[in-house]
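Comments concern the structure below.
The values are calculated or read from the model by the stated rules, or taken from the named source; none is laboratory data. Here the structure is a predicted model, which is why all the values come from computation and not from measurement. Every residue, glycine as well, gets a Cβ built from its backbone with ideal geometry; the counts of neighbours run over all protein chains shown. Just the protein is used for accessible areas: all its heavy atoms, side chains included, with ligands, DNA and RNA removed. Shrake-Rupley method; radii C 1.70, N 1.55, O 1.52, S 1.80 Å.
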Amino acid sequence: MKLLVCVSKTPDTTSKISFTPDGSKFNDVGITFIMNPYDEWYALVRALELTEKSGGTVTLVNVGGPDNDQTIRKGLAIGASDAVRIDAEPKSALFIAKQIAEHARGQYYDIIFCGKESIDFNGSEVGAMVAEFLDLPFASYASKLDVSGSTATLEREIEGGVEIVEVAGPFVVSAAKGMAEQRIPNMMGIMKAKSKPFAVVPPVAFPDYAVPVKYTLPKEKTGVKLVPADDMDELVRLLHEEAKVI
Amino acid sequence: MILVFAEAVNGQFKKTAFEAVTYGNKTAQLLGNQCVVLTLGKVNNAGQLGEYGASKVYNVSDANLDSFDSQVYASVIAQAAEKLGAKVIVLAHTSTGKSLLGRLAARLNAGSVAGVKSLPDIAGGSFKVTKGVYSGKATAEYEISSDLKILSLSGNEIRPAKGGGEVAMEELHLTVPSPKTRVLQVKRQEGIVPLPEADVVVSAGRGMKGPEHWGIVEELAKVMGATTACSRPVADADWRPHHEHVGQTGLAIRPNLYVAIGISGAIQHLAGVNQSKVIVVINKDPEAPFFKAADYGVVGDLFEVVPKLTAAMKKFKAG
Ligand SMILES: Cc1cc2nc3c(=O)[nH]c(=O)nc-3n(C[C@H](O)[C@H](O)[C@H](O)COP(=O)(O)OP(=O)(O)OC[C@H]3O[C@@H](n4cnc5c(N)ncnc54)[C@H](O)[C@@H]3O)c2cc1C
Ligand SMILES: Nc1ncnc2c1ncn2[C@@H]1O[C@H](COP(=O)(O)O)[C@@H](O)[C@H]1O
């Protein structure tokens, strides 16, 4: 099996987010960056499990600058076979997807994995876009993925339940929690990663149609109103009369 | 023309579809345009979408549209958009809408924004919308520069607004490709409002001590007409099903009221719930970080407080 995993770099989940004073840019001072959890814990690990069982390769692809190299190396240390970084600033989802699709075209990957969403832009867009550019089926939010021969069976998260779908031939999948268990890279993996093929290639020209122009932080809560633990009638009254939510 | 795709589940339209049509109608008014709605497959009572502002409802019926395949749906919606001359396409930010948004953007070579929270700002000829980023920790304003714009509307952002009357449904004849995915089974919990659509959510964490104590949470949820949720360690320990897990790595929700019981309020938990309109926190530790994000707080033992709140709610509902 020949598998591709799309990986992006995001701020660590514990990061306190801030922006430059004019609100135009993310302030990355003091921020630790990680591999997007859905890409690392679920997509990459499931791809590795599938090739460990039936043989094959797992290639990582990232669209980003040299500041993404550490993230990509971590993916190699966890077990991916090789990596490609498309050297461009990832400003919009369609641009990113176009780059990934152009890389994948002609490579005939059996499955292209991405995460359910990136935890910074939360678009859930890139996977669907890659699928459309390559005219492939797309199974989104898969919490389970099993492959037998050329057919895959997936469990997809839908509102209030799950859907079980079957797909034949190459396809794109977005990975949700449940698809695999996080793996921590070991020393040997980290050593081996250093000699694995890692290509840096230029992007194809493509416009950015939708870009963030201004960021704002939510208004701080004005302060909690404490209600005595033995007076729940008062809480109900406040929710009804003051907050007007019941 | 503004084209709204109104999604039906088992033929029924849900709140998210009414929200999307309302949004489409308001956007159409802003742009001096019409709001046209597209429905796919078997749908009941599509004419009611006129009440939310659809000036026309089109339907494409074909056996290949009776279950969801993003490739097939995107192809049909794109054909409709081209045929009808859409300037903006509006979807709901549901699992279906999210799977279509990117496909449509790639297919129609258009800018898209996922999970929009506001009506477009069209000052000075630009087109800007806001959306949550960094898992709800911030808001970003996006500018879309392509001619066609594609948006998915975040749930619970705008109230479905009735105004118009019923409209007739017209059949649209388009090419419907055959799906490459086959839906084998759909397992939905019946009778429960799914978390992303719930107005009221009652959520509990590790403070519950064990799954055997969840009865008091379920009872409170029942009297409040709420959907239940949980923190991640609770789902990881299989005290509760995984689809209840909210937070940065679970579902992000934005109900009108979020009641957090025995949850400390870690940053990753808050990321998924801090866009709720009103937050109530019940925790025995007055130093729990969640109180800083709360509107109302009760410092006390949940095993005493929750049954009292349930009783007070019952009294209130009885009127
Ligand atoms: C990468 C990453 C991603 C994560 N993603 C998520 C996520 O998506 N969602 C999420 O929820 N977490 C997430 N977490 C975990 C998060 O950091 C916290 O560990 C978790 O939210 C804590 O769950 P809790 O509040 O239920 O438990 P605890 O932190 O153990 O808190 C229990 C609370 O219950 C209170 N309590 C105990 N007994 C009682 C009682 N009798 N009456 C009243 N109150 C009582 C305690 O005072 C305490 O505040 C993530 C962590 C990481 C590292
Ligand atoms: N810059 C990028 N490089 C490679 N893959 C990406 C990039 N950005 C997003 N992705 C992939 O697309 C998924 C969805 O991202 P998003 O559409 O931003 O929510 C992520 O989980 C990644 O798998």
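Condition check ((1) within 12 Å of chain A (Cβ to nearest Cβ); (2) more than 19 Å from B:Lys137 (Cα to Cα); (3) touching a His at 6+ places or on another chain (Cβ under 6 Å); (4) of a type in the set (A, V, I, L, M, F, W, C)) across all residues:
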position: B:His213; (1), (2), (3), (4): no, yes, no, no
position: B:Asp236; (1), (2), (3), (4): yes, yes, no, no
position: B:Trp239; (1), (2), (3), (4): no, yes, no, yes
position: B:Thr249; (1), (2), (3), (4): yes, no, no, no
position: B:Leu257; (1), (2), (3), (4): yes, no, no, yes
position: B:Ser264; (1), (2), (3), (4): no, no, no, no
position: B:Ala271; (1), (2), (3), (4): yes, no, no, yes
position: B:Asn274; (1), (2), (3), (4): yes, no, no, no
Original post:
Looking at the stretch A:104-129, which of the residues that are more than 7 Å from every other protein chain (Cβ to nearest Cβ) and touching a Leu at 6+ places or on another chain (Cβ under 8 Å) is farthest from A:Ala210 (Cα to Cα)?
Top reply: A:Asp110
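Inside the stretch A:130-177, can you point out the residues that are touching a residue at least 60 places away in the same chain (Cβ under 8 Å) and more than 7 Å from every other protein chain (Cβ to nearest Cβ)?
A:Val130, A:Leu145, A:Val147, A:Pro170, A:Phe171, A:Val172, A:Val173, A:Ser174, A:Ala175, A:Ala176
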Subject >> Single condition B:Val217 does not satisfy, out of (1) part of a helix (DSSP H, G or I); (2) within 11 Å of another protein chain (Cβ to nearest Cβ); (3) not hydroxyl-bearing (Ser, Thr, Tyr) >> reply: (2)
**OP:** Name every residue in the stretch B:206-219 that is buried (at least 23 other Cβ atoms within 10 Å of the Cβ) and within 24 Å of the chain's Cα centre (by Cα), in order of residue number.
**Re:** B:Val217
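Which residue is nearest to A:Ile34 (Cα to Cα), if the candidates are limited to the stretch B:223-272 and must be assigned to a helix (DSSP H, G or I) and over 21 Å from the mean Cα position of the chain (by Cα)?
Step by step, filter the stretch B:223-272, then rank; the result is B:Ile267.
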Subject >> Hits in the stretch B:26-45 - residues which are under 20 Å from the mean Cα position of the chain (by Cα) and open to solvent by less than 10 Å² (accessible area, probe 1.4 Å) >> reply: B:Thr27, B:Val37, B:Leu38, B:Thr39
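Rundown of residues vs (1) β-branched (Val, Ile, Thr); (2) within 22 Å of the chain's Cα centre (by Cα); (3) part of a loop (DSSP other than H, G, I, E, B), yes/no style:
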site	(1), (2), (3)
A:Val147	yes, yes, no
A:Arg156	no, yes, no
A:Glu166	no, no, no
A:Val173	yes, yes, no
A:Gln182	no, yes, yes
A:Val200	yes, yes, no
A:Ala205	no, no, yes
Original post:
So how many residues does the stretch A:111-120 have that are more than 16 Å from ligand 1 (Cβ to nearest atom) and either within 17 Å of A:Glu166 (Cα to Cα) or surrounded by fewer than 24 Cβ atoms within 10 Å (Cβ to Cβ) (or both)?
Top reply: 3
**OP:** Those residues that are farther than 13 Å from A:Trp41 by Cβ and not in a loop (DSSP other than H, G, I, E, B), I need them from the stretch A:1-16; list them, please.
**Re:** A:Lys2, A:Leu3, A:Leu4, A:Cys6, A:Lys9, A:Pro11
Original post:
If you go through the stretch A:17-35 one residue at a time, do you hit one that is under 30 Å from A:Thr153 (Cα atoms) and touching a residue at least 40 places away in the same chain (Cβ under 8 Å)?
Top reply: yes
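For the stretch B:276-291, enumerate the residues that are surrounded by 15 or more Cβ atoms within 10 Å (Cβ to Cβ) and not small (Gly, Ala, Ser).
Passing the criteria: B:Lys277, B:Val278, B:Ile279, B:Val280, B:Val281, B:Ile282, B:Asn283, B:Lys284, B:Pro289, B:Phe290, B:Phe291.
Right, A:Ala77: among the small types (Gly, Ala, Ser), assigned to a helix (DSSP H, G or I) and away from ligand 2 (no atom under 14 Å from the Cβ) or not?
So A:Ala77 passes the test.
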**OP:** Kindly provide the set of residues from the stretch B:111-157 that are closer than 22 Å to B:Leu257 by Cα and open to solvent by 40 Å² or more (accessible area, probe 1.4 Å), ordered by number.
**Re:** B:Lys117, B:Glu157
